[in-house]
Amino acid sequence: MRVDFNVPVVEGEVPVSAEWRLRAVLPTLDYLVKRGAKIIILSHLGRPHGQDLHYSLYPVYLKLKDLWSQEVLFSHDIFGSSTPKIIKTLKKGQAVLLENLRFNAGEEKNDENFAKELAGLGDFYVNDAFAVSHRPHASIVGVPKLLPSSAGLLLEKEITVLSMIRDQPRRPLVLVMGGAKAETKLKLVSRFLNKSEGIIVGGILANTILYARGMTVGRSVIEESLLNEAKKLEITSSRLHLPVDVLVSKSLNIPSDIKIRPVGKIEPDEYIVDIGPDTIKLFEKIIRDARMVVWNGAVGLSEIPAFKNGSVAVAQTIASLSGEKIIGGGDLVSFLSQENLFDKMTYVSTGGGAMLEFLVGEDLPGVKVLEE
């Protein structure tokens, strides 16, 4: 069973704010246990270069043991001598978590031999890792070509909820796009501009659109490769809402000489770090009219306390809605957990990039291979 246990590990432990990602796959694990399966759990963690033990899944294993009522073991290798022995001794209803798949270069290369070795460990394959189903990796697309395969309950739920947003959303629909991953978010803005009642844009995408329209953004990060596409965007649309004022600082890490400036009046040595008070009022007004809000990415550098006011205001406004509130993206989820607003959301997608790509209408390799 492929899961996504790609969670933060801080000083050798998985923080409480990341437990939700492990809990999300427990229904599928329980389903398999009730049917007497012996479960080999596959996951990756981070982007290790080779076998870097800082990226070991062992701390995740310890957290899983705490959260799950069933007995689970751990194998410190993937294909070493210990793994076959552990699998052979598994009783019905027991599980083993294998070490980080990305310790083997064959995972990200979608190496056929690596996929065959993984497939050789089991009889059936279940994909419950929606968050990485947009990656054409061996454990996502290679293994299901070799074994009878199925979607897990989490993957099924993700597809159901996101299909509804994409094809039959509740209206008025408002999208809030912040953070990074500007390329996919620009596609999403273009797709939904005439299918929604409002699109709020912050973060790197907002910087890029403003810059493409000839406005100064100082030293703020922009996506130069997207400038031509950003220029084509219907900037005058009454549905597209960009910041009208912003918070600026001369440092991204330490608040320095913070000022509120109108958009287009940013000094060359300044960074845009948050939305300004007039923008907060504008965004709040648009959000309050919605029956469905889809949010991916904070609207400022929310990891710095001095730069999080805009994201807090947006989060509180969304949390107060009686309609549906769907969010995605790991950094945003962590932020909402810290602000004690996580439980106020209707649905939290485990996918950030995968959620965006699915909503844009792109095929996710991990889903497509199951359909085939």
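Identify, please: which residue in segment 178-213 is among the polar types (S, T, N, Q) and assigned to a loop (DSSP other than H, G, I, E, B) and is, among those, farthest from residue 296 (Cα to Cα)? Applying the filter and picking the extreme gives 194. Just one of the listed residues (324, 357, 267, 372) is under 21 Å from the mean Cα position of the chain (by Cα) and farther than 24 Å from residue 238 by Cβ, namely 357. Given the structure, is residue 218 in the same structural domain as residue 308 (by TED's automatic domain parsing) and on the phi > 0 side of the Ramachandran plot? Spelling it out, residue 218 is indeed in the same structural domain as residue 308 (by TED's automatic domain parsing) and on the phi > 0 side of the Ramachandran plot. Screening residue 284 with (1) surrounded by 13 or more Cβ atoms within 10 Å (Cβ to Cβ); (2) in contact with a strand residue (DSSP E or B) (Cβ under 9 Å, 6 or more places away or on another chain) gives one miss only, at (2). Checking the structure you have, find out if any residue of segment 290-299 is in contact with a Phe, Trp or Tyr (Cβ under 9 Å, 6 or more places away or on another chain), within 20 Å of residue 205 (Cβ to Cβ) and modelled with pLDDT of 95 or more. Within segment 290-299, one or more residues are in contact with a Phe, Trp or Tyr (Cβ under 9 Å, 6 or more places away or on another chain), within 20 Å of residue 205 (Cβ to Cβ) and modelled with pLDDT of 95 or more. Looking at segment 306-327, can you tell me whether even one residue there is within 24 Å of residue 251 (Cα to Cα), among the polar types (S, T, N, Q) and surrounded by fewer than 21 Cβ atoms within 10 Å (Cβ to Cβ)? Looking through segment 306-327, at least one residue is within 24 Å of residue 251 (Cα to Cα), among the polar types (S, T, N, Q) and surrounded by fewer than 21 Cβ atoms within 10 Å (Cβ to Cβ). Take residue 150 and tell me if it is touching a strand residue (DSSP E or B) at 6+ places or on another chain (Cβ under 9 Å), in the same structural domain as residue 47 (by TED's automatic domain parsing), in contact (Cβ under 8 Å) with a residue 24 or more places away in the chain and in a strand (DSSP E or B). Answer is yes for this residue. I need the full set of residues from segment 29-58 which are buried (at least 21 other Cβ atoms within 10 Å of the Cβ) and under 20 Å from the mean Cα position of the chain (by Cα), in order please. Result: 42, 43, 44, 45, 57. Taking segment 202-218 as the range and being out of contact with any helix residue (DSSP H, G or I) (no Cβ under 6 Å at 6 or more places or on another chain) and within 21 Å of residue 259 (Cα to Cα) as the test, the residues that pass are 202, 203, 206, 207, 210, 211, 215, 216, 218. Report whether or not residue 234 is touching a Leu at 6+ places or on another chain (Cβ under 8 Å), surrounded by 14 or more Cβ atoms within 10 Å (Cβ to Cβ) and not hydrophobic (A, V, I, L, M, F, W, C). No. When residue 336 is tested against (1) crowded, with 22+ Cβ neighbours inside 10 Å; (2) under 20 Å from residue 182 (Cβ atoms); (3) at pLDDT below 95, just one condition goes unmet, and that condition is (2).
The values are calculated or read from the model by the stated rules, or taken from the named source; none is laboratory data. No experiment lies behind these values; they were computed from the predicted model shown. Every residue, glycine as well, gets a Cβ built from its backbone with ideal geometry; the counts of neighbours run over all protein chains shown.
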